[in-house]
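Structure first, then comments.
The values are calculated or read from the model by the stated rules, or taken from the named source; none is laboratory data. Since the structure is predicted, the reported quantities are computational estimates derived from the model, not experimental observations. Using ideal geometry, Cβ is built from the backbone for each residue, glycine included, and neighbour counts are taken over all protein chains shown. Accessible surface areas use protein heavy atoms only, side chains included; no ligands, DNA or RNA. Shrake-Rupley method; radii C 1.70, N 1.55, O 1.52, S 1.80 Å.
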Amino acid sequence: MMSALIAPELVALDADLGPDKHDVIRALAQRVADSGRATDLDALVADALAREEVSATGLPGGLAIPHCRTSGVDEPVVSFARLSSPVDFGGKDGPADLAFLIGAPAGGDATHLTILTKLARALARPEFGKTLRETDSAEQAAQTILDAVGDAPAASQSATPEPEPAPAAAEKRTLVAVTACPTGIAHTYMAAEALQAAAARAGVEIAVETQGSAGATPLPAETIARADAAIFAVDVGVRDRSRFAGKPLVSSGVKRPIDDADAMIAEALAAAADPNAARVESGRGDSSESAGAASESWGGRTRRVLMTGVSYMIPFVAAGGLLIALSFLLGGYDITDVYGAVMVDNTLTNLPDVQALGLEHALFDSGLAVYLGALFFVIGKTAFMLFIPALAGYIAYAIADRPGIAPGFIMGALAANLFGVANADGVSAPATGFLGAIAGGVLAGVIAHWVSGWRVPSWARGLMPVLVIPLVTSILAGLVMIIVLGKPINWLMEQLTDGLAALDGSSAVALGAVLGLMMAFDMGGPLNKVAYSFAATGVGAASLAADSPELRIMAAVMLAGMVPPIALALATVVRPQLFTPAEHENGKAGWLLGASFITEGAIPFAAGDPMRVIPAIMVGSAVTGGLSQLFDVGVRAPHGGIFVLFAVTNVLGYLIALAAGVIVGAGMVIALKSVGRAPVPVAATS
């Protein structure tokens, strides 16, 4: 049976919990642990603080709602404090004197989430805070919170409170809204509650779709069609955004309606009466990567755009690279000289003659292996030819959504010279590669976004996403790419290639160490992806010699990315008393994740103790990256870890570099965790 959401022992009245929000969160989490409701205190604190970094949880009226989904609790729980000294949680109107720590289990079901979202709605009501400020009893405070949860409407519903009756002679105006925050627990529903209350005060009907963790009930199509305008109060993308196409739009981050819902309702009504108001674009669909424009900084937007492009590019690189590596395993490296003839002239019933083709390294001298190797090479090479267009296409998509995809792919194809344009002497048109794909994708996205905002007659709106936007964007961006950017970027790429070819000795080792630092610093974040993309781009030239610098760079990056999860897994075995039970479980998974080149396996450790873990694994990865370059290790596969040893040059050096970095990283973690920190009790680790 599920425990009550809050109990008197989880309430502190007129308490001094510390001077800042970090102290308050830790104190509230400690109450949860002391009551026996926390399975992992460290995880609860770390997850709540991590959520706090996403956006401030201070609210108008002196409220603060730090919250998270966490493995630190098995049931939903709330710890509440009325603070004797208000603490700044980033609220618009000053420090908070009422603080609620809301914890939801990471795998919580709909019942858990519904309870929490009912509480979030209750927090938007002024009388709720008033009662909590006046009570002298922890029991009464806990009961007030429980009563609010029992009386609040279900969170998964989009029902609108009944507004005051409007004059019968006037047709009531209607609005639709979507609210969504990153965790989907609190702000999503408080924003909905605030919009509904403000609409009632304005005599306006509103239907709100809450896209939260408890699920969403999509607004009926007829409700959307009847609405005069739409409000998007979101910090993440709006699911199925195209349903609202053509509606006048007011958009913001999810916190704004909590702070100023009346103004947003007024702005939406004004937009409905303004023929020149911004509207939901007809060509835009889902965009889970997009964040609310009003709440996203330029730095955050740049990171999101580049990460979107890279994340969509990686499957092309991984699939293509592994297929090419398999083709070399089956047909030998010489398969690059004969793959075309084998594919055209041979079939499964007419296998190639290995000796006639001069293939000395074919697996078992088998005609079938050569035939499959040639086909794998063609498929893999095709995937590699598409990864630069994919990078540009999805960068453009991150900026302009669907209208940017086609022009972005075209700019990426120009960057890769996919058409193979050359003059009569065989001199190719400039190929701008990875850098050109980024520039072309941004250019296509910006132009497509601009064109999609054009005001056009209603009869022409259907032509915009399928004809006007891709045509105009491709012309403008393509001309800029070819005429203005092509040769300068190509020159930069040539300088980069020449510089890599010149690396030798200490300079190569230093590059390997720097790439190792980048791979370990954010474990799958922007720096990690930049290093990986830099290396994977070079693997595309599959006919490179085994000792080419591009293949050595790929080896350094792959090995350095394998180190963090394995090093931390080893540390949990060598000094188990330094780690929590949850970290022991993560360590068990870390062996396989690291061996598979999934650096993200180290994130749970870094989130709980970043100041000790991150420097340690960076040192380990730097050692491995430098040794990989020193031993001239090369790898033709851009992914796979130890499972692509067949594609590795100097396997012994590969294994030595990996082992050295793992040992150094594990040793550093153990040393740093042993300084100034009490060990976890042995009983807790069993």
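Taking the square roots of five times each eigenvalue of the Cα gyration tensor of region 546-607, the equivalent ellipsoid has semi-axes of 28, 10, 8 Å, listed largest first. At a probe radius of 1.4 angstrom, the accessible area of region 550-686 per residue rounds to 36 square angstrom.
Which of the pairs 21/118; 92/172; 118/247 have their Cα atoms more than 26 Å apart in this structure? With Cα atoms farther than 26 Å apart: 92/172; 118/247.
Estimated at 0.36 nm per residue, the fully extended path between residue 3 and residue 646 surpasses their Cα-Cα distance by 226.0 nm. Descending by average beta-carbon neighbour count within 10 Å, the peptides 481-494, 314-327 line up as 314-327, 481-494, the highest first. With 0.36 nm allotted per residue and the present C-alpha distance subtracted, the residue 456-residue 353 stretch has 30.8 nm of extension available. Using only Cα coordinates, the Kirkwood hydrodynamic radius of region 369-410 works out to 11.3 Å. Using the Cβ-Cβ distance between residue 487 and residue 382 with R0 set to 22 Å, the FRET efficiency from 1/(1 + (r/R0)^6) comes to roughly 0.20.
Residues whose amide H falls under 5 Å from that of residue 279, counting only those 5 or more places apart or on a different chain, are 249, with hydrogens built in the peptide plane. Sequence-ordered 3J(HN,Hα) estimates for region 259-273 from the Karplus curve with 6.51, -1.76 and 1.60 and θ = phi - 60° stand at 7, 8, 5, 4, 5, 5, 4, 4, 5, 5, 5, 5, 5, 5, 8 Hz, glycine and proline given as x. For residue 74, the amide hydrogen comes within under 5 Å of the amide hydrogens of 39, counting only partners 5 or more places away or on other chains and with H modelled in the peptide plane.
Applying the criteria of a DSSP loop state and at most 14 other Cβ atoms within 10 Å to the chymotrypsin sites (Phe, Trp or Tyr not before Pro) of region 360-446 yields 419. Residues whose amide H lies under 5 Å from that of residue 597, counting only those 5 or more places away or on a different chain, are 642; hydrogens are built 1.01 Å from N in the peptide plane.
Candidate cross-link partners of residue 487 among the lysines, defined by an alpha-carbon separation under 27 Å and a same-chain spacing of 8 or more, comprise 381, 529. Computed from label points 7 Å out along Cα-Cβ, the spacing between residue 278 and residue 262 is 2.4 nm.
Here's the list of lysines a cross-link from residue 673 could span, going by alpha-carbon distance under 20 Å and ignoring same-chain residues fewer than 8 apart: 588. If you plug the beta carbon distance of residue 424 and residue 125 into 1/(1 + (r/R0)^6) with R0 = 60 Å, you get a FRET efficiency near 0.20. Computed over protein heavy atoms with a 1.4 Å probe, the carbon and sulfur contribution to the accessible area of region 1-106 reaches 50%.
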